[in-house]
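Since the structure comes first, as structure tokens, the remarks are kept for the end.
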Amino acid sequence: MKKALITGITGQDGSYLAEFLLDKGYEVHGIIRRSSTFNTGRIDHIYVDPHSSGARLFLHYGDLTDAEVINRLIYGIKPQEVYHLGAQSHVRVSFDMPEYTGNVTALGVTRLLEAIRHCGQDIRFYQASSSEMFGKAPAPQSEKTSFEPQSPYACAKLYAYNMVKNYREGYGIFAANGILFNHESPRRGETFVTRKITRAVANIISRKQKKLFLGNLGARRDWGFAPEYVEMMWLILQQKAPDDFVVGTGESHSVQEFVEKSFAYAGISLRWKGRGAEKKGHVASLNSSTARRSGLKTGDIVIEIDPHYFRPTEVDHLEADISKARKILKWHPRVAFDELVKIMVDYDIKLAGEEPPGEGIRISRNKDFRYTNHDFAL
Ligand code: NDP
Ligand code: GDR
């Protein structure tokens, strides 16, 4: 039985990847942080008491800042594959905590690579690199595009990216970078913009929230569906030789478009007024019975810009050129922007106790697309 170690297993991607690898028959080990409240909500549905004979998921306390524990886990578990997804992953927060972000997001990878180098085992290493590394480089971005990072987070990820290449070339380690563009899901952290928007739609409809405060509505992102992207992480480690791949949908949309689509899908049309920090989204019409239950009236303001959410340096436009992944990995994304919005809005409206506008939590899928009921077990 193959063994994999996942850092960041409690996060969005880590939880989907753990499911994916368990389905493939792996024994999965994950590093979790000690916290005063449970932080395993995304993986509780796949957790089996380790005392039971069939258990294949094992959790270990650790932290990416703690090299001693990292060494002990790598030497003790001797996994064939390490998926390094743990990070201080919030770009805006990295401006508030630049040193901590560097310690976790940049140096965390060095600690892991050093442990692998000295362990003397053949261990394949996946690094969760990010499209943020491209920063202000013009779109579309591919593996050949130069990096122009615009945040402490992006600088930390770029350091990690380069360390992966350095250990690959210097020590012959099978270490690969997946340069992933934004990917979202019902399990997306609540402070990233997509989930913040879809939760707000649900909370406004269920009268738990009156307004949504946002930052830059003009930023464009290439948003894909997270469960599809973890499949790519695995594929990257199954190649004959280690290599770096850009993964995205090849389409970009603005934050404003995500807002409009989400509200419209829930039955609320918006009319915009003002510009920049004065910009406001007024309700223009309520065109579903669910939306009418919200008590909103035409002219009510549901969106306002709060400059607090602006970043000192912004990334304006990210859009992936996925030619290499299509050609070598034979991979292509299946869930496009509109469907992603629907999946997330349906989920959050259901979570808020209301009737979702779509078919509840069912989504269309191709026959080769692995998707299970517990994807929505949160
Ligand atoms: P999340 O923020 O959802 O998850 C981050 C994970 O890292 C959590 O499990 C978190 O643990 C863990 N973590 C944070 N700090 C530490 C630490 N000091 N020691 C150990 N573990 C830690 O991220 P995603 O799942 O969205 O992303 C996965 C990875 O991919 C990240 O590295 C991210 O930067 C990168 N990435 C993500 C993209 C996306 O669009 N989602 C795109 C490109 C790259 P806890 O639950 O305890 O907080
Ligand atoms: P990003 O994701 O920075 O691309 O990083 P995020 O969802 O935080 O921001 C996307 C864009 O939306 C704009 N924005 C807001 N963002 C947040 N969080 N909150 C707001 O209120 C808001 N209003 C507007 C942002 O300015 C930005 O332009 C994500 C993370 O998952 C990283 O870990 C990953 O590496 C990259 O995606 C690819």
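Coordinate-derived values only; no laboratory data. None of these values were measured; they are calculated from a predicted model. Ideal geometry is used to build each Cβ from the backbone, glycine not excepted, and the neighbour counts take in all protein chains shown.
In deg cm²/dmol, rounded to 500, what helix-only [θ] at 222 nm does the chain give when every DSSP H run of at least 4 residues adds -39500 (n - 2.57) and the total is split over its residues?
That comes out to -9500 deg cm²/dmol.
Going through the cross-link list 157/350; 210/279; 136/157; 330/350; 157/330, which pairs have a Cα-Cα distance over 24 Å in this structure?
Long pairs (Cα-Cα over 24 Å): 157/350; 330/350; 157/330.
Translational diffusion coefficient, Stokes-Einstein: compute it for the stretch 112-250 using the Kirkwood radius over C-alpha pairs as Rh, at 20 °C and 1.002 mPa s, and state it as an integer in µm² s⁻¹.
This corresponds to a translational diffusion coefficient of 126 µm²/s.
Tell me, what HN-Hα J-couplings in whole Hz come from the Karplus equation 6.51 cos²θ - 1.76 cosθ + 1.60 at θ = phi - 60° for each residue of the stretch 196-203, using x for Gly and Pro?
Values per residue, Gly and Pro as x: 4, 5, 5, 5, 5, 3, 5, 6 Hz.
When the gyration tensor of the stretch 255-325 is built from Cα positions, what are the square roots of 5 times its three eigenvalues, in whole Å, from largest to smallest?
After diagonalising the Cα gyration tensor, the semi-axes are 28, 19, 9 Å.
First measure r as the distance between the Cβ atoms of residue 34 and residue 288, then evaluate 1/(1 + (r/R0)^6) with R0 = 41 Å and state the FRET efficiency to the nearest 0.05.
So the FRET efficiency works out to roughly 0.35.
Hey, rough spin-label estimate for residue 61 and residue 332, points 7 angstrom out along Cα→Cβ, what's it come to in nanometres?
It works out to 4.9 nm between the two label points.
Just to check, using Stokes-Einstein with a Kirkwood Rh over alpha carbon pairs, what's the diffusion coefficient of the chain at 37 °C and 0.692 mPa s in µm²/s?
Roughly 152 µm²/s, to the nearest whole number.
Out of the stretch 232-314, which trypsin sites (Lys or Arg not before Pro) are coil in DSSP terms and have no more than 13 other C-beta atoms within 10 Å?
Loop-located and lightly packed - 240, 275, 297.
Given H placed 1.01 Å from N in the peptide plane, which residues other than close sequence neighbours of residue 279 have an amide H under 5 Å from its amide H?
Long-range HN contacts for residue 279: 305.
Could you tell me how many degrees, from 0 to 90 and to the nearest 10, lie between the Cα long axis of helix 337-351 and the main elongation axis, the longest principal axis, of the Cα atoms of the chain?
80 degrees
Amide H of residue 220: which non-local residues (sequence gap of 5 or more, or other chain) have their own amide H closer than 5 Å, using H built in the peptide plane?
Close amide H contacts, sequence-distant or interchain: 317, 318.
Need one number: nm distance between label points at residue 48 and residue 162, each 7 Å from Cα along Cα→Cβ, rounded to one decimal.
Here the modelled spin labels are 4.5 nm apart.
Does anyone have the angle between helix 152-171 and the longest principal axis of the chain? Alpha-carbon axes, 0 to 90°, nearest 10?
30 degrees
Could you give the distance between the Cα centres of the stretch 173-204 and the stretch 91-118, to the whole Å?
20 Å
Considering only DSSP beta bridges where both residues belong to the stretch 203-352, give the percentage that are antiparallel (nearest 5).
Here the antiparallel bridges make up roughly 75 percent for the stretch 203-352.
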